[in-house]
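I have placed the structure first, in the form of structure tokens, so that the comments after it can refer back to it.
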Amino acid sequence: MTRLPRLLVFSSIAMIMSAVTAPATGASRVTGLNLLNGTGETMTALFIRRTGTQNWQSLPAKPARAARAAIPFTDVDCAFDIRATLEDGRDAVWRDVNLCEVKLLTLNRNGSGATWVDYD
């Protein structure tokens with residue numbers, strides 16, 4: 001293989017790799033969070049962090065049982081962990097929650113403590 005075609009091959013591979021690994025500009029981003037409390041208890045505190053990180057941020061909402069909350073929140077990422085402190089003092093955590101392109105997020109928890117998310 002001559003120098004010019006080899007250079008073109010490596011340049012093409014580099015362009016493809018940068019397109020795959022670069023963050024998409026103008027792509028999905030979180031622009032507000034509409035949450036429904038489906039835990040059966042009032043949330044006394046609510047926190048969020050990017051999935052894979054350790055730093056929890058407090059959210060300005062404490063939705064009552066079965067109540068909705070419109071929460072101002074903007075981020076370029078889509079995957080988050082959400083933690084709520086419930087009125088009984090226990091924490092409930094929902095991991096790997098996709099917040100992009102979601103109109104309403106219902107955070108559920110059953111009596112044994114299992115958590116799940118419903119997306120609308």
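The values are calculated or read from the model by the stated rules, or taken from the named source; none is laboratory data. What you are looking at is a predicted structure, and each value in this text was computed from that prediction instead of being measured. In this analysis, Cβ positions are derived from the backbone assuming ideal geometry, glycine residues included, and neighbour counts consider all displayed protein chains.
Please go through segment 94-118 and give me each residue that is surrounded by 12 or more Cβ atoms within 10 Å (Cβ to Cβ) and under 16 Å from Phe73 (Cβ atoms), ordered by number.
Passing the criteria: Trp94, Val97, Asn98, Leu99, Cys100, Val102, Leu104, Leu105, Leu107, Val117.
When only residues in segment 37-79 that are in a strand (DSSP E or B) and among the aromatic types (Phe, Trp, Tyr) count, which is modelled with the highest pLDDT?
Filtering first and then ranking leaves Phe47.
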